[in-house]
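J.: Once you've had a glance at the structure underneath, I'll fire off some questions.
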Amino acid sequence: MDRIYNGMPAAQLGTTGWRKPWSGGNGGSCVEALRLGDGRVALRQSNDPDGPALICSPREIERFILAVKAGEADFLLV
């Protein structure tokens, strides 16, 4: 792959290796993650696997996970 960029079609990243670490009883609609060869992480919506991918650096993913664990994303809960 020549260039991996934010918003690229997730299908261009392939179909293997995507995981659903955040899936739940939500009717199959969840976020899927793919660890890229350079350490970055691609995220996509499972019900739109050909849609845009959000590409995050290892540090961004680490900060996000630590913030969620610390309760900093609780405002997103209904």
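FYI, it's all coordinate maths here, none of it is from the lab. This is a predicted model, so every value here is computed, not measured. So basically every Cβ, Gly included, is an ideal-geometry build from the backbone, and we count neighbours across all protein chains shown.
J.: Applying a 10 Å radius around every beta-carbon, put 42-52, 58-68 in order of their mean neighbour count, most first.
T.: On the way: 42-52: 15.2, 58-68: 12.5.
My ranking of the peptides, most packed first, is 42-52, 58-68.
J.: Right, something else. Below 8 Å, C-alpha to C-alpha, sequence gap of six or more: please give me the relative contact order for the chain in percent.
T.: That works out to 26 percent.
J.: Only four residue types carry charge here, +1 at the Cβ of Lys and Arg and -1 at the Cβ of Asp and Glu. Report the dipole size of the chain about the Cα centre in Debye, rounded to the nearest 20. If you can, show how the numbers build up before the last one.
T.: Values: 9 positive and 9 negative charges, 37 e Å.
In debye, rounded to 20, the chain gives about 180.
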